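For reference, the structure is listed below as structure tokens.
The values are calculated or read from the model by the stated rules, or taken from the named source; none is laboratory data. Since the model is a prediction, treat every value here as computed from it, not as a measurement. Don't worry about glycine lacking a Cβ; one is built from the backbone with ideal geometry, like all the others, and counts go over all protein chains shown.
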Amino acid sequence: MLYSHFQCAQPGQPVAVFLHGLLGSSDDWQTSLNQLATTNTLTIDLPGHGQSQAVACEGFDHCCQLIQQAVLQHVSPQTPVALVGYSLGARLVMYGVAFERFSRLNLQLLLLEGGNFGLKTDQQREERWRNDKAWAERFEGEPIEQVLNDWYQQPVFSSLNHEQRQILVAKRSANLGVCIANMLCCTSLAKQPNLLTQLQSISIAAHYICGIKDKKFSAMAEQSGLSYSQVANAGHNVHQEQPRAFAHLIFQHLQAISSSSLNQTRE
């Protein structure tokens with residue numbers, strides 16, 4: 001069972017479920033959660049991460065199954081749920097919804113921060129698999145601080161300065177390299193179908209969040225056809241770089257589904 005922490009601020013109101021990215025943990029959301037004191041929140045440590053380090057992942061389907069189990073530990077199947085995912089967490093949200101792996105949840109809202117919809121060609125998938133496999137081998141066989149120093153030099157993290165990179169390296173060094181390697185391989189973008197078409201056709205409200213400095217994912221959002229927000233003075237990791245602005249977006253969208261749920265109850 002995955003580690004999870006539930007904060008019930010308003011019984012009967014929707015619950016925002018937070019799923020972190022690779023190398024992260026449920027603690028990553030804390031600065032944003034501090035701004036959401038009146039919101040029901042559930043944070044989950046993904047397999048191989050945080051206090052779920054001992055839980056192994058077998059792939060996208062298995063991971064979604066574990067997430068659904070963790071949510072249902074705390075909320076009833078009737079409770080309106082918003083899934084908030086960052087990077088890998090966002091990809092798991094999109095996959096789970098596209099393939100109906102969260103069918104026991106009353107999903108009302110998806111908030112997707114910096115998640116890749118999927119690659120378009122076999123060549124891109126082959127290149128990504130080679131890249132992810134190489135990183136996994138490094139995480140498995142080298143001191144994790146050494147690997148992380150190189151990891152945070154990747155273009156997607158270009159908005160970070162030297163001090164921010166060093167803080168992340170120190171924070172992420174608590175991870176076990178072999179666990180990260182397993183998760184990286186099992187949930188590689190190379191193994192994920194392109195999910196955009198399914199997302200464009202679902203009835204669940206979906207909103208994409210990206211930092212304006214994150215050129216790659218900003219372009220992805222603009223071309224997606226989904227509603228989206230670009231957050232000023234932020235790169236790939238909006239909830240860490242601009243927690244107040246991120247929390248405000250979460251609160252706004254949760255208010256919309258809270259109002260919707262209330263209207264349905266009255267009817």
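General remarks:
- Residues of the stretch 198-252 satisfying the condition of being among the hydroxyl-bearing types (S, T, Y) and more than 15 Å from the chain's Cα centre (by Cα): S201, S203, S218, S224, S227, Y228, S229
- Residues in the stretch 182-221 that are farther than 23 Å from L46 by Cα, aliphatic (A, V, I, L, M) and buried (at least 21 other Cβ atoms within 10 Å of the Cβ): A221 alone.
- So G96, is it touching a residue at least 12 places away in the same chain (Cβ under 8 Å), in contact with a Cys (Cβ under 9 Å, 6 or more places away or on another chain) and on the phi > 0 side of the Ramachandran plot: no
- Among the residues of the stretch 229-257, those that are of a type outside the set (V, I, T), in contact (Cβ under 8 Å) with a residue 24 or more places away in the chain and either closer than 15 Å to S87 by Cα or not in a helix (DSSP H, G or I) (or both) comprise A234, G235, H236, N237, H239, Q240, E241, Q242, F246.
- Residue count for the stretch 222-256 under the criterion of being surrounded by 19 or more Cβ atoms within 10 Å (Cβ to Cβ), in contact with a Leu (Cβ under 9 Å, 6 or more places away or on another chain) and either over 20 Å from T31 (Cβ atoms) or hydrophobic (A, V, I, L, M, F, W, C) (or both): the result is 6.
- Test for Q124: is it outside any loop (DSSP other than H, G, I, E, B) and either assigned by TED's automatic domain parsing to the domain that holds G12 or not hydroxyl-bearing (S, T, Y) (or both): yes
- Matching residues, the stretch 182-228, being part of a helix (DSSP H, G or I), among the small types (G, A, S) and either outside the structural domain of L92 (by TED's automatic domain parsing) or in contact with an Asp or Glu (Cβ under 7 Å, 6 or more places away or on another chain) (or both): A190
- Only one of the numbered conditions (1) within 21 Å of G118 (Cβ to Cβ); (2) touching a residue at least 40 places away in the same chain (Cβ under 8 Å) is not met by Q154, and that is (2).
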